[in-house]
Amino acid sequence: MVKRKEVTDILRSAGLKPTGGTNHEHWTDGVHFTQVPRHREIPNALFEKIKKQAGIKK
């Protein structure tokens, strides 16, 4: 499990910006788009999918 704060910090450092959302926070950089659920912890498998959608290769 990964803390939500860590996920948002990684997305922000990759150049993505939050654009709103209700149950999920939407993140985009104009090319890539992903959603982050508003839970305290994100499962590792979901975190990997979020990184892939965001174009992060780590």
Odd one out for GLY21 among (1) out of contact with any helix residue (DSSP H, G or I) (no Cβ under 9 Å at 6 or more places or on another chain); (2) modelled with pLDDT of 95 or more; (3) surrounded by 13 or more Cβ atoms within 10 Å (Cβ to Cβ): (2)
In this structure, does VAL2 turn out to be surrounded by 13 or more Cβ atoms within 10 Å (Cβ to Cβ) and among the β-branched types (Val, Ile, Thr)? yes
Looking only at region 20-57, and only at residues there that are touching a residue at least 40 places away in the same chain (Cβ under 8 Å) and of a type in the set (D, E, K, R), the one that is nearest to MET1 (Cα to Cα): GLU41
Has region 33-47 got any residue that is in a helix (DSSP H, G or I) and surrounded by 13 or more Cβ atoms within 10 Å (Cβ to Cβ)? yes
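The values are calculated or read from the model by the stated rules, or taken from the named source; none is laboratory data. Being a predicted model, the structure only gives us computed values, none of them experimental. Note that each Cβ is placed from the backbone with ideal geometry, even for glycine, and that neighbours are counted across all protein chains shown.
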